[in-house]
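Novice: Here's a structure for you.
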Amino acid sequence: MLREVHVEELTEHIKEMCIQVNYQLSGDMEAALNRAAQEEESPLGRQILCQLEENLQIAAQDRIPICQDTGMAVIFLEIGQDVHFVGGTVENAVNEGVRRGYAEGFLRKSVVGDPLERINTKDNTPGVIHMSVVPGDKVKITVAPKGFGSENMSRIFMLKPADGIEGVKSCVLSAVEDAGPNACPPIVVGVGIGGTFEKCAVMAKHALTRECGRHSEIPHVKDLEEELLEKINKLGIGPGGLGGTTTAFAVNIETYPTHIAGLPVAVCICCHVNRHITREI
Amino acid sequence: MDKKIHAPLDAGQIRELRAGDYVYISGIIYSARDAAHKRMQEALDKGEPLPIDLNNNIIYYLGPSPAREGRPIGSAGPTTASRMDKYTPRLLDLGLKGMIGKGKRTKEVQEAIVRNKAVYFAAVGGAGALLSKRILSSEVIAYEDLGTEAIRRLEVENFPVVVVIDSEGNNLYETAAEKYRRI
């Protein structure tokens, strides 16, 4: 039995989600920040974490976006295969939601229409849309605007199978170390392991939308997440890159089967303003 | 050490700043980021004057979000400074004395900072709402067509920054991480 969904419904949700996520971090991220402010060893690091806590309060109270880089809108749509969209195309509806959200929400328009000619589209469209078809008759929408201070520090490595898990660890640590202060630490590290060149990149991005503190359900992947987080926090980069024991809040890894000849690894770095919001319609 | 300084800067103030100092800036600063730097470079290449006087001034690497009614500016945190590295030594040689951004700089920028007795500050990235409240007024003074990337004259009060590279070339990013590194 097909369920009809009018695309205007998508537009409205995406508009609201773009606005909400830029003014208020999800509870998991706020909790991670509060915990770090208690545990950070560097006095300057603690001072910066307190500034970030105050920043969240001001953003919510005074309706000022948490960060001026309100991001390029990344949207994941998990579409139930029994859903039939009516009233227009999904892509247009999503972009219309982004357009309205960024206009009505006083959010920065950070998108240029052609990457070489670089003329601002002035409405923050298009977004980057990842669609997948899943069982059921629901649509799960995740909006995750991505700032480019941290996006620019993300990396893809095409390892050899012989590099193994140790190779994966050194990729993640080198990406975090190279990012240093540029990515606005404390960061969240999304990692995609396996698949193909593009598959691992999408997994790394999607991993950032996982609730902070929740681990992979695969035991050896969970162990790897915990080990990497501990190692990253021993790098000393600290809040704002000014030294300290809080460099990352979480390492979230997604995996996928891969080719006998390869071991692709993508490391997508997100700043402490790791914005993600999900709704199901 | 916490210090208060006034912008535009003078040589005496800059000399006393040390990497690691927590500094509150009050006075007038200018925003400019990628596209504005590119245009300034093109103007200089053509022998045209710049839209701002660089002498003793501070450039803030900023592209704010739109202001709500009754506010001077929207969210207003720093952007990554390294994207301006290509343009920066020339501006320092022309009299620019301070930069506010976040992240590492090239060796060429660091050398130009020392050569010109200037200073590089970091503001806390991602604290755009808090920093917005320290900006009292904002006026677009050049390249209005660039939108968020236009050059703005900003009046700031107790704008919080940390000295990362001081006029002697001490670099906080190089020393701070070492202190807490355990790997």
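The values are calculated or read from the model by the stated rules, or taken from the named source; none is laboratory data. In this text, all values refer to a predicted model and were calculated from it rather than measured experimentally. Ideal geometry is used to build each Cβ from the backbone, glycine not excepted, and the neighbour counts take in all protein chains shown.
Novice: Considering only residues that are without any contact (Cβ under 8 Å) to a residue 40 or more places away in the chain and more than 14 Å from chain A (Cβ to nearest Cβ), which ones fall in the range B:97-108?
Specialist: B:LYS107, B:GLU108
Novice: While we're on this one: Could we say that B:GLU69 is without any contact (Cβ under 8 Å) to a residue 12 or more places away in the chain, under 22 Å from B:ASP145 (Cβ atoms), out of contact with any Pro (no Cβ under 9 Å at 6 or more places or on another chain) and acidic (Asp, Glu) here?
Specialist: Values: without any contact (Cβ under 8 Å) to a residue 12 or more places away in the chain: yes; under 22 Å from B:ASP145 (Cβ atoms): no; out of contact with any Pro (no Cβ under 9 Å at 6 or more places or on another chain): yes; acidic (Asp, Glu): yes.
No, not satisfied.
Novice: If you take the residues in the range B:145-183 that are within 12 Å of chain A (Cβ to nearest Cβ) and among the small types (Gly, Ala, Ser), which one is surrounded by the fewest Cβ atoms within 10 Å (Cβ to Cβ)?
Specialist: B:GLY147
Novice: Pick from the range A:107-145 the residues that are within 13 Å of another protein chain (Cβ to nearest Cβ), crowded, with 20+ Cβ neighbours inside 10 Å and over 16 Å from B:ASP34 (Cβ atoms): which of them is nearest to the chain's Cα centre (by Cα)?
Specialist: Among those residues, the one meeting the criterion is A:PRO145.
Novice: Also, quick follow-up: Would you call A:GLN61 surrounded by fewer than 22 Cβ atoms within 10 Å (Cβ to Cβ), within 14 Å of chain B (Cβ to nearest Cβ) and in contact with a strand residue (DSSP E or B) (Cβ under 8 Å, 6 or more places away or on another chain)?
Specialist: It is false that A:GLN61 is surrounded by fewer than 22 Cβ atoms within 10 Å (Cβ to Cβ), within 14 Å of chain B (Cβ to nearest Cβ) and in contact with a strand residue (DSSP E or B) (Cβ under 8 Å, 6 or more places away or on another chain).
Novice: Can you name every residue in the range A:197-215 that is farther than 19 Å from A:SER26 by Cβ and without any contact (Cβ under 8 Å) to a residue 60 or more places away in the chain?
Specialist: A:GLU198
Novice: Here is a follow-up. Residues to consider are A:GLY97, A:GLY167, A:GLY80, A:GLY101; find the one that is out of contact with any Asp or Glu (no Cβ under 8 Å at 6 or more places or on another chain), small (Gly, Ala, Ser), in contact (Cβ under 8 Å) with a residue 60 or more places away in the chain and more than 27 Å from B:ALA81 (Cα to Cα). Steps first, please.
Specialist: Numbers: A:GLY97 fails: out of contact with any Asp or Glu (no Cβ under 8 Å at 6 or more places or on another chain); A:GLY80 fails: out of contact with any Asp or Glu (no Cβ under 8 Å at 6 or more places or on another chain); A:GLY101 fails: out of contact with any Asp or Glu (no Cβ under 8 Å at 6 or more places or on another chain).
None of the others qualify; the one that does is A:GLY167.
Novice: I would also like to ask the following. So which residues in the range B:110-129 are closer than 13 Å to B:THR88 by Cβ and surrounded by 24 or more Cβ atoms within 10 Å (Cβ to Cβ), if there are any at all?
Specialist: B:ILE113, B:ALA118, B:VAL119, B:TYR120
Novice: Just checking, does the range A:128-147 include any residue being aliphatic (A, V, I, L, M), within 30 Å of A:MET17 (Cα to Cα), in contact with an Asp or Glu (Cβ under 6 Å, 6 or more places away or on another chain) and modelled with pLDDT of 95 or more?
Specialist: yes
Novice: Need pairs with beta-carbon distance below 6 Å; first residue over 18 Å from A:ASP28 (Cα atoms) and within 7 Å of chain B (Cβ to nearest Cβ) and within the range A:235-251, second surrounded by 24 or more Cβ atoms within 10 Å (Cβ to Cβ) and among the hydrophobic types (A, V, I, L, M, F, W, C); sequence gap 6+ or separate chains.
Specialist: Within 6 Å, the pairs are A:GLY240/A:ILE48; A:GLY240/B:VAL124; A:LEU242/B:ALA176; A:GLY243/B:ALA176.
Novice: Right, another one. Looking at A:GLY190, A:GLY213, which one is surrounded by fewer than 17 Cβ atoms within 10 Å (Cβ to Cβ) and either among the aliphatic types (A, V, I, L, M) or within 10 Å of A:ALA250 (Cβ to Cβ) (or both)? Give the derivation first.
Specialist: Values: A:GLY190 fails: surrounded by fewer than 17 Cβ atoms within 10 Å (Cβ to Cβ).
The unique qualifying residue is A:GLY213.
Novice: Tell me the residue from A:GLU16, A:GLU54, A:GLU30, A:GLU96 that is surrounded by fewer than 20 Cβ atoms within 10 Å (Cβ to Cβ) and away from chain B (no Cβ under 14 Å), please.
Specialist: Step by step, each of A:GLU16, A:GLU54, A:GLU30, A:GLU96 is checked, and only A:GLU16 is surrounded by fewer than 20 Cβ atoms within 10 Å (Cβ to Cβ) and away from chain B (no Cβ under 14 Å).
Novice: Can you name every residue in the range A:212-241 that is at pLDDT 95 or above and under 16 Å from A:HIS272 (Cα atoms)? Explain how you work it out, then say what you get.
Specialist: Filtering the range A:212-241 down to residues at pLDDT 95 or above leaves A:214-241.
If the condition is that a residue be at pLDDT 95 or above and under 16 Å from A:HIS272 (Cα atoms), then A:LEU229, A:ILE232, A:ASN233, A:ILE237, A:GLY238, A:PRO239, A:GLY240, A:GLY241 are the ones that fit.
Novice: Could you check the range B:1-105 for strands (runs of 3 or more DSSP E) lying wholly inside it with 3 or more residues that are within 28 Å of A:VAL176 (Cα to Cα) and touching a helix residue (DSSP H, G or I) at 6+ places or on another chain (Cβ under 9 Å)?
Specialist: Those strands (runs of 3 or more DSSP E) span B:98-101.
Listed here are the residues, each with its yes/no results for (1) surrounded by fewer than 19 Cβ atoms within 10 Å (Cβ to Cβ); (2) within 30 Å of A:VAL98 (Cβ to Cβ); (3) facing another protein chain (nearest Cβ under 8 Å); (4) of a type in the set (Ser, Thr, Tyr).
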site: A:LEU10; (1), (2), (3), (4): no, yes, no, no
site: A:TYR23; (1), (2), (3), (4): no, yes, no, yes
site: A:ASN34; (1), (2), (3), (4): yes, no, no, no
site: A:GLU39; (1), (2), (3), (4): yes, no, no, no
site: A:SER42; (1), (2), (3), (4): no, no, yes, yes
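Novice: Sticking with this one: Since B:LEU94 meets every condition but one in (1) touching a Leu at 6+ places or on another chain (Cβ under 6 Å); (2) within 14 Å of another protein chain (Cβ to nearest Cβ), which condition does it not meet?
Specialist: (2)
Novice: Answer with yes or no whether A:GLU104 is under 22 Å from A:GLU30 (Cα atoms), within 13 Å of chain B (Cβ to nearest Cβ) and surrounded by fewer than 22 Cβ atoms within 10 Å (Cβ to Cβ).
Specialist: no
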